[in-house]
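Step one of this worksheet: look at the structure below.
Read the figures in this text as sums done on the coordinates, not as results from a lab. Quantities reported herein were computed from a predicted structural model and do not represent experimental measurements. FYI the Cβ positions are ideal-geometry reconstructions off the backbone, even for glycines, and counts take in every protein chain you see.
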Amino acid sequence: MNWYKYASPSAFYPLAGKMIPWFAVSAAILFAVAMYFGFVLAPARAGDQNQVYHIIFIHVAAAWMGMFLYVLMAVYAGIGWAFNARLASMMASSLAITGAIFTLLSLVTGSLWGKPTWGTWWAWDARITSTLILLFLYIGFISLQSAIDDQRRADKAGAVLALVGVINVPIIYFSVQWWNTLHQGATIRLLEKPKMTSPMLIAMLVMLAACWLYSIAVVLIRLRCIILEREQNAAWVTEGAA
Amino acid sequence: MNWSEFFSMGGYGFYVWGSYITALILLGGEVVSLRRRKRALRKRVKRD
């Protein structure tokens with residue numbers, strides 16, 4: 001099988017169409033499983049935390065998705081720029097909106113957790129502030145792209161912004177170690193025994209998987225829209241000229 | 001487990017359910033707007 005074939009938008013379009021329902025359905029199933037583990041099997045309270053801890057399942061998944069999708073967006077934007085690959089640039093544009101939505105969700109759910117726990121909706125804490133900057137980077141990327149008429153130039157400008165902004169992702173990740181933040185430290189660390197019971201851990205990981213599958217589905221749907229919009233415009237131009 | 005106890009979340013129902021409802025609105029809104037974009041695009045493509 002020649003995978004390079006699918007680097008062309010026209011070949012990728014039908015393939016993506018076939019894959020979308022599988023991702024969408026499995027995302028819905030895993031979301032239900034995560035809710036079952038998180039709300040039925042997990043204990044009502046967690047250590048010194050009362051019931052409000054249940055927010056953690058969606059909050060952590062959303063925060064991780066916001067960061068993962070940003071890195072992915074920057075990689076695709078970079079590939080699109082360096083190798084002049086149209087499809088990769090379109091993928092970056094498609095990822096930006098879903099990434100921004102998850103970042104916004106992590107800020108809102110964090111706020112809803114912070115009010116009863118810390119007594120405040122918002123704090124200019126290193127992690128919260130750097131996550132807000134992440135949201136601004138997404139918004140900057142999206143508005144920069146829509147502000148430039150020449151599509152390839154818009155892709156290039158977006159790639160520069162996305163790649164420079166990548167520096168913010170490790171800052172978010174390590175912020176709770178580098179600075180004395182109000183935000184608590186990492187709940188799960190690689191190579192360390194997690195500080196939570198197994199139904200909670202399963203709920204969190206399954207929720208993350210559900211968010212991944214959801215993201216793949218919506219990003220592919222949007223990518224197909226972008227392919228149609230851009231390729232069709234190109235056809236119009238040539239037909240108009242002919 | 002009784003239901004009203006479950007929904008009250010020990011008095012934190014607003015925050016807990018508010019979080020999941022926000023998730024539903026944001027992600028559901030994304031799906032709905034994408035569906036609209038797709039439909040509008042299909043119509044335009046057919047017309048040409």
Can you compute the helix-only [θ] at 222 nm over the protein assembly as shown? Use -39500 (n - 2.57) per DSSP H run of at least 4 residues, normalise by all residues, nearest 500 deg cm²/dmol. -27000 deg cm²/dmol
Rank these for me by crowding, A:91, A:65, going from fewest to most other beta carbons within 10 Å. A:65, A:91
From zero outward in steps of 5 Å, how is the percent of C-alpha pairs of region A:1-117 spread across the bins? 2, 10, 13, 16, 18, 13, 10, 8, 6, 4, 2
Where does the Debye-calculated log10 I(q)/I(0) of chain B sit at q = 0.18, 0.29, 0.31 Å⁻¹, using only Cα point scatterers of equal weight, no solvent? -0.66, -0.94, -0.99
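Give the peptides A:93-105, A:69-81, A:27-39, B:32-44 in descending order of average Cβ contacts within 10 Å, highest first. Before the final figure, lay out the partial values.
Numbers: A:93-105: 24.5, A:69-81: 21.9, A:27-39: 17.9, B:32-44: 12.5.
Top of the packing list down: A:93-105, A:69-81, A:27-39, B:32-44.
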How large, in Å, is chain A by the Kirkwood hydrodynamic radius built from its alpha-carbon pairs? 19.5 Å
According to a simple spin-label model (label point 7 Å from Cα along Cα-to-Cβ), what is the distance in nm between residue A:149 and residue A:178? 4.1 nm
Given a Förster distance of 22 Å, report the FRET efficiency between residue A:120 and residue A:44 from their Cβ-Cβ distance, rounded to the nearest 0.05. 0.35
Considering chain A as a Gaussian network with a 10 Å cut-off on Cα pairs, which listed residue, A:208, A:135, A:112, attains the greatest mean-square fluctuation? A:112
Shape parameters for region A:76-186, alpha-carbon atoms, Rg then Dmax in Å: 16.1, 50
Phi to ³J(HN,Hα) by Karplus 6.51 cos²θ - 1.76 cosθ + 1.60 over region A:9-14, Hz, x for Gly, Pro: x, 5, 7, 6, 3, x
Gyration tensor on Cα atoms of region A:18-69, a ≥ b ≥ c root eigenvalues, a/c under 1.5 rounded, else prolate if a/b beats b/c, else oblate, says oblate
Given the alpha-carbon gyration tensor of region A:72-128, what are the semi-axes of its equivalent ellipsoid in whole angstrom, ordered largest first, with each equal to the square root of 5 times an eigenvalue? 35, 11, 5
Note, ³J(HN,Hα) from phi for region B:12-29, Karplus 6.51, -1.76, 1.60, rounded to Hz, x at Gly and Pro: 9, x, 4, 6, 5, 6, x, 5, 6, 5, 4, 4, 5, 5, 5, 6, x, x
